[in-house]
Amino acid sequence: MLAGCSPAQEAGQAEPGSALATDGAQSSGTVGHEHTRVGEIWYFALPVPYNTSSKPIEITKVAVVHVPSGLKVLEYGAYDLNDTEGLPLLAKEGETYTPEFAKLKNYAANPVKVPAGKSSDIFYLAKMRITAPPKETARKCRFEYEQGGRAYVQTLDCELELKVAE
């Protein structure tokens with residue numbers, strides 16, 4: 001009897017996915033700041049997951065694919081849009097309008113469920129420290145998720161440029 005798995009599934013690898021919308025706000029440009037300093041911590045919001053498929057998904061992991069030298073990802077978090085009063089695309093730690101993420105519920109420890117045909121109320125962000133003047137942008141955001149018992153991976157456009165003031 002043959003098993004109903006593809007070779008990628010047998011090896012424990014995720015298949016390329018297509019459930020997430022690729023045309024969100026972050027897919028059409030670069031967010032950034034031109035006057036940063038080495039040592040500062042910045043929060044960069046990844047695209048808000050929008051499930052365009054007819055079945056629910058569960059997001060299990062996210063990552064910024066290309067992190068240039070000069071930037072270090074300290075951690076990833078998942079927060080409720082209602083707790084942050086909207087989507088903070090880019091926020092500097094300690095600023096007046098930056099949410100106090102350490103005091104908010106972080107949903108990253110468990111899979112985030114996104115119903116079919118809906119946008120998630122939970123968004124992901126990368127907490128980054130500037131370790132040296134970045135020479136390139138951070139770009140491409142990878143989402144790993146499960147749908148119908150299968151693992152998928154999908155990379156969405158996103159881009160962050162932080163310039164250190166000379």
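The values are calculated or read from the model by the stated rules, or taken from the named source; none is laboratory data. Not measured: the values here are computed from a predicted model. Quick reminder, even Gly has a Cβ in these numbers, built from the backbone with ideal geometry, and neighbours come from all protein chains shown. Side chains are part of the model used for accessible areas, which takes the heavy atoms of the whole protein and leaves out ligands, DNA and RNA. Shrake-Rupley method; radii C 1.70, N 1.55, O 1.52, S 1.80 Å.
Quick notes on this one:
- Most mobile of Gly117, Gly32, Gly149 in a GNM of the chain (Cα contacts under 10 Å): Gly149
- Chain lengthening between Ala102 and Lys163 when straightened (0.36 nm per residue, less Cα-Cα): 19.4 nm
- For Ser53, the residues whose modelled amide H falls within less than 5 Å of its own, excluding neighbours fewer than 5 places apart on the same chain, are Gly117.
- Cβ-derived FRET efficiency at R0 30 Å, Lys72 paired with Lys113, nearest 0.05: 0.50
- Solvent exposure of the chain amounts to 57 Å² per residue of accessible area, where only protein heavy atoms count and the probe is 1.4 Å.
- √(5λ) per eigenvalue of the Cα gyration tensor, region 49-128, largest first, Å: 23, 16, 11
- Within-14-Å neighbourhood charge of Gln154 [Cβ basis; K, R +1; D, E -1]: -2
- Of the solvent-accessible surface of the chain, computed with a 1.4 Å probe and all protein chains present, 47% belongs to carbon and sulfur.
- Entries in Lys92/Lys113; Lys92/Lys127; Lys55/Lys113; Lys105/Lys127; Lys61/Lys127 that, when Cα-Cα distance is taken, lie over 18 Å: Lys92/Lys113
- DSSP bridge orientation in the chain - percent antiparallel, rounded to nearest 5: 85
- Of all stretches in the chain that contain no trypsin sites (Lys or Arg not before Pro) in a DSSP loop with at most 16 other Cβ atoms within 10 Å, the longest one is 38-104.
- Rh by Kirkwood over Cα pairs, then Stokes-Einstein D for the chain at 0.692 mPa s and 37 °C, µm²/s: 196
- Among the chymotrypsin sites (Phe, Trp or Tyr not before Pro) found in region 51-155, those both in a DSSP coil and sparsely packed, with 14 or fewer other Cβ atoms within 10 Å of their Cβ, are Tyr97.
- Each Lys or Arg adds one and each Asp or Glu takes one away; over the other residues whose Cβ falls under 12 Å from the Cβ of Tyr43, this sums to -2.
- Candidate lysines - alpha carbon under 17 Å from Lys135, same-chain residues fewer than 8 apart omitted: Lys72, Lys163
- Based on Cα contacts under 8 Å between residues 6+ apart, the chain shows a relative contact order of 40 percent.
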